[in-house]
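In what follows, a single structure is set out as structure tokens and then discussed.
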């Protein structure tokens with residue numbers, strides 16, 4: 001059972017620092033830490049102790065070839081991001097705001113991707129990230145803001161898609177952890193009627209990334225929403241709306 | 001550290017490559033807080049290595065995987081290129097922390113190691129060691145408190161991260 005947010009959580013903080021709590025316990029601890037300076041101090045000590053454990057791992061001399069592999073990987077990622085920036089950056093800001101030269105454009109793209117992806121690394125092997133890159137490279141790509149409702153005031157999300165397309169990526173932040181028998185469900189609404197879509201779960205911090213396949217073009221729908229539902233999903237919403245946004249062209 | 005957690009050379013190398021990609025991406029934001037880069041590198045390596053362990057779930061994790069003793073298993077001198085006084089200090093620091101860990105009662109040390117290096121939740125630790133969840137929770141809490149005291153006797157202050165450098 002979830003404890004009240006005003007209960008001190010000092011008995012959970014060492015396990016929290018070790019990463020050994022269940023998601024619902026993490027949510028409880030983080031909600032409490034926001035308002036409790038005493039527990040924040042205890043958490044900082046627990047975290048510092050846990051970080052010392054990292055220094056306990058006996059060091060290993062890296063293989064001689066690893067340095068070259070690391071450099072090659074970083075150069076490859078840099079080249080990939082440069083190519084992507086050249087394809088995308090002119091459309092993510094007013095052309096007049098773009099100075100000559102490439103580094104500013106790369107920074108703009110990276111900021112956009114960072115905003116969308118949060119702390120997640122952009123890995124081209126990841127199907128969600130791969131779709132996101134494809135979408136952002138299309139001239140008509142839209143990034144629709146999806147806001148948290150009164151039932152999830154700290155949550156927010158973005159839906160990235162093309163109005164005339166059917167594939168999109170929903171990236172969420174700040175959604176609460178759900179019990180194991182519950183899941184989040186995406187809804188696309190047309191004329192106020194919700195059409196069921198993807199089910200997804202969230203990691204620590206309420207981060208989620210989910211591919212959304214619309215039954216018809218996104219431009220056929222006016223609203224995207226998210227509700228908590230039973231683990232197998234629902235044909236119609238049964239939980240409160242926690243995220244909602246309009247799918248209007250910018 | 002990546003190798004000590006994932007126990008596979010190829011996977012550890014992939015983790016290290018990803019760590020440096022992230023370092024490269026975040027290089028600009030580290031300019032103002034240069035002193036924390038080392039701690040950040042450890043943290044991100046730990047996170048990425050655990051992600052790999054959880055993703056693969058190829059074999060059960062046991063506490064013995066993380067039982068390094070005080071000296072640690074040193075196949076090749078990892079500090080061969082370091083300046084001698086710094087190499088000495090780095091060796092001493094690792095040994096001091098392993099010494100503190102080695103003084104913990106074994107059940108506490110195993111519970112902490114399975115959680116932190118094995119990426120297991122308290123419930124998963126309980127299943128792995130065949131003990132009740134409440135027992136494991138208590139071992140982790142008491143063990144971490146005792147570890148703080150032992151680290152303090154080694155001259156390591158749990159309130160500061162100054163030794164991450």
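Read the figures in this text as sums done on the coordinates, not as results from a lab. Only a predicted model underlies this, so the values are computations on that prediction, with no experimental measurement involved. Don't worry about glycine lacking a Cβ; one is built from the backbone with ideal geometry, like all the others, and counts go over all protein chains shown.
Calculate the mean, over all residues of peptide B:84-96, of how many other protein chain Cβ atoms lie within 10 angstrom of the residue's Cβ.
On the way: counts 0, 0, 0, 0, 0, 0, 2, 2, 0, 3, 5, 2, 3.
The shielding value for this peptide is 1.
Once label points are set 7 Å from the Cα along Cα→Cβ at both residue A:61 and residue B:102, what is their separation, rounded to one decimal in nm?
Once both label points are built, they end up 2.3 nm from each other.
Per-residue mean of other chain beta-carbon atoms within 10 angstrom of the beta-carbon, peptide A:20-32? Before the final figure, lay out each step's value.
Details: counts 16, 4, 4, 1, 0, 2, 0, 0, 0, 0, 0, 0, 0.
Mean inter-chain Cβ contacts per residue within 10 Å come to 2.
Quick check on the exposure proxy: order A:32, A:190, A:213 from fewest to most C-beta atoms within 10 angstrom. Intermediate values should be presented prior to the final figure.
Working: A:32 22, A:190 14, A:213 10.
Listing A:32, A:190, A:213 from fewest to most nearby Cβ atoms yields A:213, A:190, A:32.
Using a Förster radius of 30 Å, what is the FRET efficiency between residue A:44 and residue B:62 based on their Cβ-Cβ separation? Nearest 0.05, please. Walk me through the numbers on the way to the answer.
Values: r = 31 Å, r/R0 = 1.04.
Calculated value: 0.45.
Taking 7 Å along the Cα-to-C-beta vector as the label spot, tell me the residue B:154-residue A:193 distance in nanometres, rounded to one decimal.
It is 6.7 nm.
Residue separation times 0.36 nm, minus the C-alpha to C-alpha distance between residue A:78 and residue A:213: what's the value?
Answer, rounded to one decimal: 45.6 nm.
Where in segment A:215-250 does the label zone of residue A:201 land, with the point 7 angstrom along Cα→C-beta and an amide N cut-off under 13 Å?
A:231-232
How are the alpha carbon pair distances in segment A:195-250 distributed across 10 Å bins from zero to the largest one, expressed in percent?
Reading the bins upward from 0: 20, 53, 26, 2.
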